[in-house]
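Novice: Starting off with a structure, shown below.
Values quoted throughout were computed directly from the atomic coordinates according to the rules given, and no laboratory measurement underlies them. Computed from a prediction, not measured in an experiment: that's the story for all the values here. Glycine gets a Cβ as well: all are built from the backbone with ideal geometry, and neighbour counts include every protein chain shown.
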Amino acid sequence: MKKLKVLSVFGTRPEAIKMAPLVLELRKHPEIESLVCITAQHREMLDSVMDCFGLTADFDLNIMQQGQTLTDITSRVLYGLGELLNQIRPDLILVHGDTTTAFAAALTGFYARVPVGHVEAGLRTFDRYSPYPEEMNRQLICRIAELHFAPTGNNAKNLNREGIFDGVYITGNTVIDAMKYTVTGTGFTSPELNAIDTSGKRVIAMTCHRRENYGEPMENIFRAVRTIAERFADVQFIYPVHPAPVVRETAGRILGDVPRVSLISPLDAIDMHRLMSMSYMVMTDSGGIQEEAPSLGKPVLVLRQETERPEAVAAGTVKLAGVEEDNIVRLAEELLTDRNAYDEMAQAVNPYGDGMACRRIVDAILYHFGRRPAPPEAFMV
Ligand code: UD1
Ligand code: UDP
């Protein structure tokens with residue numbers, strides 16, 4: 001029988017981290033021809049993930065521009081991928097999550113009449129501008145996709161609420177699969193990280209990059225960090241700064257010369273996961289880090305107004321800290337001074353699966369294309 005041609009398309013750091021274990025799983029199946037197209041919406045940060053997982057792309061659209069707009073990304077993916085799909089005609093395109101690469105790739109797939117599978121489907125805030133543009137990207141992708149791989153039962157229910165019942169599978173989140181590769185060993189490869197003296201200090205790993213936080217919210221967040229660093233002499237912030245020009249400028253201006261706040265270059269995934277494992281706590285507006293932290297037993301303050309990941313909040317490992325300086329400082333102080341409050345968050349159970357999500361996704365794909373018996377009922381909605 002002809003091999004099933006599956007084209008995985010991704011372009012940013014978080015997509016790559018969560019798609020890498022799936023690509024590795026797809027490769028194990030002789031009935032599948034697995035191809036990878038990177039859009040390189042992110043360039044260096046994407047290449048770094050590819051290196052961590054030992055992956056090379058079959059096709060590279062190389063679209064990134066400094067300070068790119070959403071329109072730039074969308075149109076460049078549509079043109080680049082449209083041409084490629086006409087050449088290689090895959091049986092299925094896999095996209096991941098909520099980025100503009102994922103949305104534009106799904107749309108291109110639809111235009112070319114190629115079925116689309118959506119990995120990490122069904123996350124919602126139901127607020128179209130938060131996260132922006134990711135909430136709308138996710139909603140639009142699910143209109144297009146034929147296969148929906150929902151990390152949790154709650155995500156599947158969100159899809160059902162929108163009238164989507166067919167092709168929905170509950171799989172767990174592939175980030176847990178990815179952490180089997182990254183959370184091993186000790187030590188860092190980043191010279192900047194190795195140069196920070198953390199002896200006798202409690203490390204707070206932080207990240208902040210989201211578009212809806214640009215401007216005043218981001219300034220409030222950074223002022224809160226400055227205040228916490230000034231109040232706690234035993235706290236060392238380590239902040240790998242996202243390369244987006246707005247983020248770098250704001251971080252440099254407010255945190256550039258604050259003692260015990262180290263602004264460093266983005267870390268590769270292995271260093272980042274190790275940094276989180278040795279940290280006291282995490283402060284972030286990242287989506288993926290909210291899913292990783294429960295596995296690492298680290299409390300997370302989420303620097304956003306709302307989250308499409310309520311499972312982590314319900315599990316107790318994540319608290320929504322908002323984007324007001326006073327509230328962020330108050331919640332951080334509580335975790336730095338109240339052992340019970342800290343332990344309660346650190347001991348939460350991971351709601352994102354057992355690290356077998358990629359196996360389930362591949363089983364579901366093979367079933368969908370008539371190459372396998374039905375996957376276990378438990379994973380179908
Ligand atoms: C994108 C995603 C966001 C995700 C984030 C993860 C969209 C709309 N946004 O946002 O959902 O949370 O990635 O990090 O898809 N840059 C570099 N080198 C890199 C990567 C980025 O220089 O390797 C700089 C470039 O100037 C680029 C800018 O960062 O123009 C912004 O990148 P972009 O992908 O447009 O937006 P993100 O904020 O990274
Ligand atoms: N991450 C990384 N290096 C860093 C910062 C983050 O490898 O310097 C990882 C992080 O552990 C997580 C992913 O990148 O796996 C999250 O990506 P990001 O925060 O850029 O995007 P989001 O998840 O918010 O879409």
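Novice: Go ahead and set up a Gaussian network model of the chain, Cα springs under 10 Å, then flag whichever of MET356, MET283, MET45 fluctuates most.
Specialist: Most flexible of the set in this elastic network: MET356.
Novice: Sticking with this structure for a sec: Under a point spin-label approximation (7 Å from Cα along Cα-to-Cβ), what is the ARG89-MET136 distance to one decimal in nm?
Specialist: Placing both labels 7 Å beyond Cα along the Cβ direction yields 3.5 nm.
Novice: Quote the convex hull volume per residue of the range 12-158, based on C-alpha atoms, as a whole number of Å³.
Specialist: Values: hull volume 16.5 nm³, N = 147.
So the per-residue Cα hull volume is 112 Å³.
Novice: Same structure again: Using the Cα centre of the chain as the reference point, and only Cβ charges (+1 on K/R, -1 on D/E), how large is the resulting charge dipole? Debye, rounded to the nearest 20.
Specialist: Values: 39 positive and 49 negative charges, 157 e Å.
Computed charge dipole of the chain: roughly 760 debye.
Novice: Bins of 10 Å, beginning at zero and ending with the bin holding the largest distance: percent of Cα pairs per bin for the range 115-197, please.
Specialist: Result, from short to long distances: 17, 37, 21, 17, 9, 1 percent.
Novice: Mind giving me the FRET efficiency for ARG231 and GLN65? R0 is 45 Å, r the Cβ-Cβ distance, nearest 0.05 is fine. Show your work: numbers first, answer last.
Specialist: Details: r = 41 Å, r/R0 = 0.90.
So, using R0 = 45 Å, E works out to roughly 0.65.
Novice: Between the range 191-232 and the range 103-131, how far is it from one alpha carbon centroid to the other, in angstrom?
Specialist: A separation of 32 Å, based on Cα centres.
Novice: Next up: Kindly state, to the nearest 0.05, the FRET efficiency for ARG143 paired with ASP257, given R0 = 56 Å and r defined as their beta-carbon distance.
Specialist: On the way: r = 48 Å, r/R0 = 0.86.
So the FRET efficiency works out to roughly 0.70.
Novice: In addition: Could you list the chymotrypsin sites (Phe, Trp or Tyr not before Pro) in the range 77-178 that lie in coil according to DSSP, counting only those with at most 13 other Cβ atoms within 10 Å of their Cβ?
Specialist: Filter output for the range 77-178: PHE126, TYR129, PHE165.
Novice: Measuring from label point to label point, each 7 Å out along Cα→Cβ, what is the GLU333 to ASP354 span in nm?
Specialist: 4.4 nm
Novice: In debye to the nearest 20, how big a dipole does the range 27-79 give about its Cα centre with +1 on each Lys and Arg Cβ and -1 on each Asp and Glu Cβ? Before the final figure, lay out the partial values.
Specialist: Details: 4 positive and 8 negative charges, 20 e Å.
Here the size comes out at about 100 debye.
Novice: While we're on this one: What FRET efficiency do you get for ASP72 and ASN340 if R0 is 45 Å and r is their Cβ-Cβ distance, rounded to the nearest 0.05? Before the final figure, lay out the partial values.
Specialist: Values: r = 49 Å, r/R0 = 1.08.
It comes to 0.40.
Novice: Set the bar at 26 Å for Cα to Cα. Now go through LYS2/LYS180; LYS18/LYS201; LYS157/LYS319; LYS2/LYS28; LYS28/LYS157 and name every pair that lies beyond it. Kindly include the intermediate steps, with their values, before the conclusion.
Specialist: Details: LYS2/LYS180 32 Å; LYS18/LYS201 31 Å; LYS157/LYS319 23 Å; LYS2/LYS28 16 Å; LYS28/LYS157 31 Å.
The pairs that break the limit, which is 26 Å between Cα atoms, are LYS2/LYS180; LYS18/LYS201; LYS28/LYS157.
Novice: With axes computed from alpha carbons, what is the tilt in degrees of helix 70-88 against the longest principal axis of the chain, rounded to the nearest 10 within 0 to 90?
Specialist: 30 degrees
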